[in-house]
Every structure is written in C-alpha cells, then in structure tokens.
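Undergrad: The structure's right below; bear with me while I get my questions together.
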Amino acid sequence: MTLLSFGPEHLVVAPVLLPLATAAAMLLLGERRRRLKAGLNVASAALGLALALALLLRVDAAAAPAAFAVYLPGNWPVPYGIVLVADRLSALMAVLAGSVGLAALLYALARWQHAGVYFHVLFQLQLMGLYGAFLTADLFNLFVFFEVLLAASYGLLLHGGGMARVRAGLHYIAINLVASLLFLIGVAVLYGVTGTLNMADIALKLPLVPESDRGLLHAGAAILAVAFLAKAAVWPLNFWLPPAYAAASAPAAALFAILTKVGVYALLRLWTLCFPAGAGASAGFGGTVLVWGGLATLAFGALGMFASQRLARLAGFAVIASSGTLVAAFGFGRPALAGGALFYLATSTLAGCALFLLVELLERGRQVELGPQQLDDGNDALPVFFDAEPPPSTNLDDDEQALIGRAIPAALAFLGVSFTICAMVVAGLPPLAGFVAKLAMLTALIDIGSARAWTLFALLLVSGLLAAIALMRVGMRHFWTSGEGPAPRLRVVESLPVAALVLLLVALVLRGEAVLAYTNEAARALHEPQRYIEAVLGARTVEGAR
C-alpha cells in the first residue's frame, strides 16, 4: 500500500499500528525522558480512541451489507493472508478498550507511572493487543494478539513490586499460560479438520466436514472454548481473578476490567460464526454449557461480592458476575437477549474501570497518616465546598464542631457521588444504564420463557440485590462512619478520568435508545453470520499495490 492509496478502510489497521509505533518510539527514548514518554503515551491513547470512534461511526452509518470494514494488510487474497475486519461489535469493543485505556493512563500520571521504567511501553503494547484481538479475522492472529496483551498484562500486574503482586501474578501467569496452550491445541485441531484459520472460511467449510471428523471438530472447538472461558473468568476457572485484580495497581486493575471481555468477545464471535442455527448437526453446539456455565459464574460472582469486605475484591467479583451474565445471555442464541447483553457489556466495563480507580482513592481517604512514600502531596487537589471554619452564628456542640452545615470537602463529595453512580450501575438500579441493560435482558427472557430463561431471570434480580447490599455496606463504611483523619485530597489528574467515566455512564442513559438500537443491530448481525462471511471472503486485493 502507498500513501496515495490511503482511504477510509485504513481506519481498521490504524488502531493496531499506532500503539505499536508508539511503543517502539518510547523504547528508543531509553529509560529517561519520562515526561516525553508520558506525553507520547497520552497523545497516542487519545488518538487511538478517536480512531476507534471514527471506525464505529463509519460502520454504524453504513447500511447492510456494507456495515463491515475489511482490510488486507499484506494485500494477499482471502483466506491466505492476514485480514482485519470491523463490524458493529468489534468497533464497539475497540471504543471500550480506548476509553478504558485512556482513563487508566490519565490516572496513572499522578503517581503510578513513576513505579517502573517500562510502564508506558507495556501500556501501549496492552492497547495494541486489545485492538488487534477485536479486529482480527483469523485464529492465528487472534492467538498472537492474545499473547501480546497477556505478556503486557504480566508486566503491568507486577508493576510497583511487592510480595502480594508477585504471588497473585504467578497464579495469573500460570492459568493464562495453560489457557494459551489449550488455545494453541484447539487452533491446531480446527486447522487439521478444516484446513484454514480464517474464521469466515472456517464457518464456510464446517458444514462440509464429513461425519467421521465431526467428533474431532467438536473436540477442537471444546478445547478452544475452554481457553476462552478461562480468559473470560467463567467458573470454576476464575479463582485467580479476585486476588490478582486486588493486588494490581489501580490503573492496571482498571485496564484489566476489559480483559475478561476479550475472552467473552472471542467466544461470542466464533460461536455465532461456526455454530449458527443453520449449521446442521453442529447447530448450537455448546450452547447449553455456555448458559449453565454463565449461570454458575453469575451466582459465584454475586456471592463473592456479598461476602467481600474489601472494595478491591468486591470489584473483582463484580467483573466475574458481569462475565457470567454475558456468557449465559449469549448462550441462548437469541438476538434480542444478545442486544441487551451487549448494552450491559458496555456499562459493566466502564463501571468496573471506574470502580477500580475509586478503590485506591477511597482507601487513601481512610488512612489517618500519610506515610513518607505517599506521592500525593496535595498539589492540584480539589477545593472544599465550604470554609474550614464555621461562621460565627453557627451552633456548636461541646467539641466546638458545627451541629449542622458541617464542611464537606469537595473531594469527599466527588468520591461519594462517583461511587454511588458506579454502585447503582453495577447493581442494575434505576435509572442508570445498568438498569436499562438488565431491563432489556429481562424483557427478552420473559419472551423466551424456558426453565433456563427463568433461572437467569431470577439470578439477575438476586445478584443485583446482593450487589446493592454489598456496595451499600462498603459505602457506609467509607462515607458514613466517623473518622478523625484529614479529608482526602485528590489530584485533578486522578479525578478527571473517574469523572469522565461517570459522565459516560450517565450519557449511556441519556442516549440509551440510540445505544440500545446499535447493540440490537450488532446482535442481529452476529446471528446472521452469512453477512460477515460474505464481507470477508468478498474482499479483493488492490492491483499494483504490492
């Protein structure tokens, strides 16, 4: 490809190349020039989010069957070369990855970027792996991007050091290495059966697999599914997540909020492509397992939230509960239910990211004394709403404290409002986006009416109740118990990403109808895999470009 041939289709590859080039440039800068690397990191993350938004707007504006953007990086014909594809689902996931990444990075600028030399490089490689996993159209490159993002996540999890991070990091690395091995075995089996790694080509050839190889095909698909389910933190393969996410630094844990969704995305993409209703003997293969596995995961996550006493572990179990909800909902194979689940995916990811950022800020507020290692010196702190000294006419108690109208620090008020909004979204309470998403799923489940549907219906309500109780208990401990320590002080750069995520959650309510229409259309496209297959296999090379 030449620069003269640059066109809108290059939006598909740009989010992958941008963080790769940024990481390479920062490596060339060496171990110093941290301010320059921080500036490059922020600029690249912001530009990557802008590119993802442009890609989403492009595929949303195009009418079917043109609602796909296909790019051939090596200009090799399909299915022999690498293919990148953007549709409504992958564009949505790319926007979520960019949003979560930028928020976590801005938060890290306050202090966490100083805890390691290669933080910015690892961060960009993590974004590259996320964008690539959502946009690739073949299994081998999906494995490559999985390994890129996992390798970067290993470094980010250990960022800052400490025994707790090392212990949790070893468990995290071990389970993901086993999952990657299963991934590779599953890919090899599927390649042996179908002779291709292009996902659209696999879907096209599956009905042609002879009956004698059908068992081998299902075995390969099952092995691959186990790898995805482990990465999606589905029970009983999720014991590693709460301690790992609780031990990670705040920006790393916030970025990890989307990692489980990568496993859910890969599972959804391949399952709807390879085992649709028209797949003959393989139609809906594994759907029952997905539903019951998701239900068990949702129950486990809800009980974990209810039993957690620390906000960090509670947030980790909330991520598990969201994964269980998504896997169970997608397992029904109903577009109406999947549309609500995709809306829920967006809200739970943003709320989980904000919740992990709030963990450190709330825990800091409970510290009576700031140790010498504390990097927050109070500069750029938020002001207070009222003067520290009460006016002369104020009624005072025996300790000369105001009986009414006590000074409420703006930082504490900001944390309280942000935590309340995140808690309401996670619990699915009205009128926020979590309630809209759950209402859409509950409505679809009523229409289905089976025993499995009513089980998920009941679990959605019960899990919301348990989450509300657990989060209310944490909120009371942080905001309603009396404390002798000073009011928390926040840097503006720490507050901005939290505020932005909270505003995004509010915007999802205000634009709920449009967002739900988008996710419903994405779900319908997923359950009509022929549109995806035709878009990928119909891509043509550019003559004279090689």
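Undergrad: Dividing the Cα convex hull volume of the chain by residue count, how many Å³ per residue is that?
TA: Details: hull volume 85.1 nm³, N = 546.
Hull volume over Cα atoms, normalised by residue count, gives 156 Å³.
Undergrad: Sort segment 432-478 into rounded, prolate or oblate with this rule: let a ≥ b ≥ c be the square roots of the eigenvalues of the Cα gyration tensor; rounded if a/c is under 1.5, and if a/c is not under 1.5, prolate when a/b is larger than b/c, oblate otherwise.
TA: Details: a/c = 6.72, a/b = 2.18, b/c = 3.09.
Here segment 432-478 falls in the oblate category.
Undergrad: Rounded to the nearest 20 debye, what is the charge dipole size of segment 423-528 about its Cα centre when +1 sits on each Lys and Arg Cβ and -1 on each Asp and Glu Cβ?
TA: On the way: 8 positive and 6 negative charges, 60 e Å.
With only Lys, Arg, Asp and Glu charged at Cβ, the dipole is about 280 debye.
Undergrad: Right, something else. Counting other C-beta atoms within 10 Å, which of Val506, Val12, Val85 has the fewest, and how do the rest follow?
TA: On the way: Val506 14, Val12 28, Val85 23.
Lowest count first: Val506, Val85, Val12.
Undergrad: By its C-alpha gyration tensor, with a ≥ b ≥ c as the square roots of the eigenvalues, how is segment 238-312 shaped: rounded for a/c under 1.5, else prolate for a/b larger than b/c, else oblate?
TA: On the way: a/c = 4.55, a/b = 1.99, b/c = 2.29.
Oblate is the answer for segment 238-312, as a/c is 1.5 or above yet b/c matches or exceeds a/b.
Undergrad: Can you tally the net charge around Ala247? Count Lys and Arg as +1, Asp and Glu as -1, for every other residue whose Cβ sits under 14 Å from the Cβ of Ala247. Numbers along the way, then the final one.
TA: Values: positive: Arg165, Arg167, Arg310, Arg313; negative: Glu360, Glu363.
Taking every other residue near Ala247 into account, the sum is +2.
Undergrad: Only counting other Cβ atoms within 10 Å, I'd like Trp454, Trp271 sorted with the fewest neighbours first. Please report the intermediate quantities before stating the final value.
TA: Numbers: Trp454 13, Trp271 22.
Going from least to most buried by this count: Trp454, Trp271.
Undergrad: Relative to the first principal axis of the alpha-carbon coordinates of the chain, what is the inclination of helix 163-194, with its axis defined by its Cα atoms, in degrees from 0 to 90 and to the nearest 10?
TA: 20 degrees
Undergrad: Rank-order 34-45, 198-209, 339-350 by packing density, defined as the average count of other C-beta atoms within 10 Å over each peptide's residues, highest first. Write down the numbers at each step before the final one.
TA: On the way: 34-45: 18.0, 198-209: 20.0, 339-350: 26.0.
In descending order of packing, they fall as 339-350, 198-209, 34-45.
Undergrad: Need one number: % antiparallel among DSSP beta bridges in the chain, to the nearest 5. Numbers along the way, then the final one.
TA: Numbers: 8 of 8 bridges.
Roughly 100 percent of the beta bridges in the chain run antiparallel, per DSSP.
Undergrad: So what's segment 18-89 giving for Cα Rg divided by 2.2 N^0.38 Å, two decimals? Please list the in-between numbers first.
TA: Working: Rg = 16.6 Å, N = 72, 2.2 N^0.38 = 11.2 Å.
Output field value: 1.48.
Undergrad: Would you calculate the volume per residue, in Å³, of the smallest convex hull containing every Cα atom of segment 68-180? Let's see the in-between values first.
TA: Values: hull volume 12.3 nm³, N = 113.
Given the Cα convex hull of segment 68-180, per-residue volume reads 109 Å³.
Undergrad: What spacing in nm lies between the two simple spin-label points modelled at Ala54 and Val144, each 7 Å away from Cα in the Cβ direction?
TA: 2.4 nm
Undergrad: Under the definition of Cα pairs under 8 Å and six or more residues apart, what whole-number percent is the relative contact order of the chain? Numbers along the way, then the final one.
TA: On the way: 865 pairs, mean separation 95.8, N = 546.
Across the chain, relative contact order equals 18 percent.
Undergrad: Is segment 69-128 best put as rounded, prolate or oblate by its Cα gyration tensor, with a ≥ b ≥ c the root eigenvalues, rounded for a/c under 1.5, and otherwise prolate when a/b is larger than b/c, oblate when not? Provide the component values of the computation, followed by the final result.
TA: On the way: a/c = 5.92, a/b = 2.10, b/c = 2.82.
Judged from the Cα gyration tensor, segment 69-128 comes out oblate (a/c at least 1.5, b/c at or above a/b).
Undergrad: Give me log10 I(q)/I(0) at q = 0.18, 0.20 Å⁻¹ for segment 420-532, Debye formula, one equal scatterer per alpha-carbon, no solvent.
TA: So the normalised log intensities are -1.08, -1.19.
Undergrad: Here is a further query. Among the lysines, which have Cα under 16 Å from the Cα of Lys261 when same-chain residues fewer than 8 positions away are ignored?
TA: Lys231
Undergrad: Measure out, as a whole number of angstrom, how far apart the alpha-carbon centroids of segment 21-89 and segment 410-429 sit.
TA: Comparing the Cα centres of segment 21-89 and segment 410-429, I get a distance of 32 Å.
Undergrad: Additional query: Which of the listed residues, Ala108, Leu156, Pro236, is farthest toward the dipole's positive end in the chain, when Lys, Arg count +1 and Asp, Glu count -1 at the beta-carbon?
TA: Positive-most Cα among the choices belongs to Pro236.
Undergrad: Modelling each spin label as a point 7 Å along the Cα-to-Cβ direction, I'd like the Leu181/Leu208 distance in nm, to one decimal.
TA: 3.5 nm
Undergrad: Given points 7 Å out from each Cα along the Cα-Cβ axis, report the His171 to Leu303 separation in nanometres with one decimal.
TA: 1.7 nm
Undergrad: Which of Cys422, Cys274 has the fewest other C-beta atoms within 10 Å, and how do the rest follow up to the most?
TA: Cys274, Cys422
Undergrad: So, one more: Once the dipole of the chain is set up with Lys and Arg at +1 and Asp and Glu at -1 on Cβ about the Cα centre, which of Cys353, His478, Leu465 lies farthest towards its positive end?
TA: Projecting each Cα onto the dipole axis, the largest value belongs to Cys353.
Undergrad: Rule-of-thumb check for segment 150-245: C-alpha Rg over 2.2 N^0.38 Å?
TA: Numbers: Rg = 16.9 Å, N = 96, 2.2 N^0.38 = 12.5 Å.
With N residues counted in segment 150-245, Rg over 2.2 N^0.38 Å equals 1.36.
Undergrad: Between Val289 and Glu534, what is 0.36 nm times their sequence separation minus the Cα-Cα distance? Round to one decimal in nm.
TA: Numbers: separation 245, 0.36 × 245 = 88.20 nm, distance 2.92 nm.
Fully extending the segment from Val289 to Glu534 adds 85.3 nm.
Rule-based calculations on the coordinates, nothing more; no lab input. Predicted, not measured: the structure shown is a model, and the values here were computed from it. Methodologically, a virtual Cβ is constructed for each residue, glycine included, from the backbone with ideal geometry; neighbour enumeration extends over all protein chains shown.
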